[in-house]
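Comments concern the structure below.
Any read-out appearing in this document is the output of simple, stated calculations on the displayed coordinates, not a laboratory observation. This is a predicted model, so every value here is computed, not measured. Backbone-built Cβ (ideal geometry, glycine too); neighbour counts: all protein chains shown.
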Amino acid sequence: MESLRIDIINPKAKSLLKDLADLDLIRIKTVKIKSEFIELLEKLRINSDETPSLDEISTEVDAVRKARYED
């Protein structure tokens with residue numbers, strides 16, 4: 001299988017792609033640019049004066065996972 005990224009310039013092209021998908025010749029997947037986790041972090045940080053960075057959160061998660069699996 002080969003994956004391509006296509007920028008649609010003319011809306012008629014989108015309908016052609018949908019027709020190809022209906023014929024099971026191609027599969028159309030939408031890609032989220034921003035992850036849901038990042039959006040949640042941004043929402044939570046709005047109300048906080050001192051928010052941890054993504055690196056600090058990752059470090060804490062790694063520490064908890066390490067402690068959990070050592071037992």
Any aspartates and glutamates with Cα under 18 Å of the Lys12 Cα? List them, leaving off those in the same chain fewer than 8 positions away. Asp22
Which entry in (i) 66; (ii) 148; (iii) 202 matches volume of the Cα convex hull per residue in Å³ derived from the coordinates of this structure? (iii)
In debye to the nearest 20, the charge dipole size for the chain, taken about the Cα centre with +1 at each Lys and Arg Cβ and -1 at each Asp and Glu Cβ, equals 540
Place +1 on the Cβ of every Lys and Arg and -1 on the Cβ of every Asp and Glu in region 19-71, take the dipole about the Cα centre, and give the residue among Leu25, Ala63, Asn47 whose Cα lies farthest towards its positive end. Leu25
Would you compute, from DSSP H runs of 4+ residues alone, the mean residue ellipticity of the chain at 222 nm, taking -39500 (n - 2.57) per run and dividing by the full residue count, rounded to the nearest 500? -18000 deg cm²/dmol
Work out which helices of the chain, taken as complete DSSP H runs, extend at least 18 Å along their axis over the Cα atoms and score a mean Kyte-Doolittle of -1.0 or more, then list them. 54-70
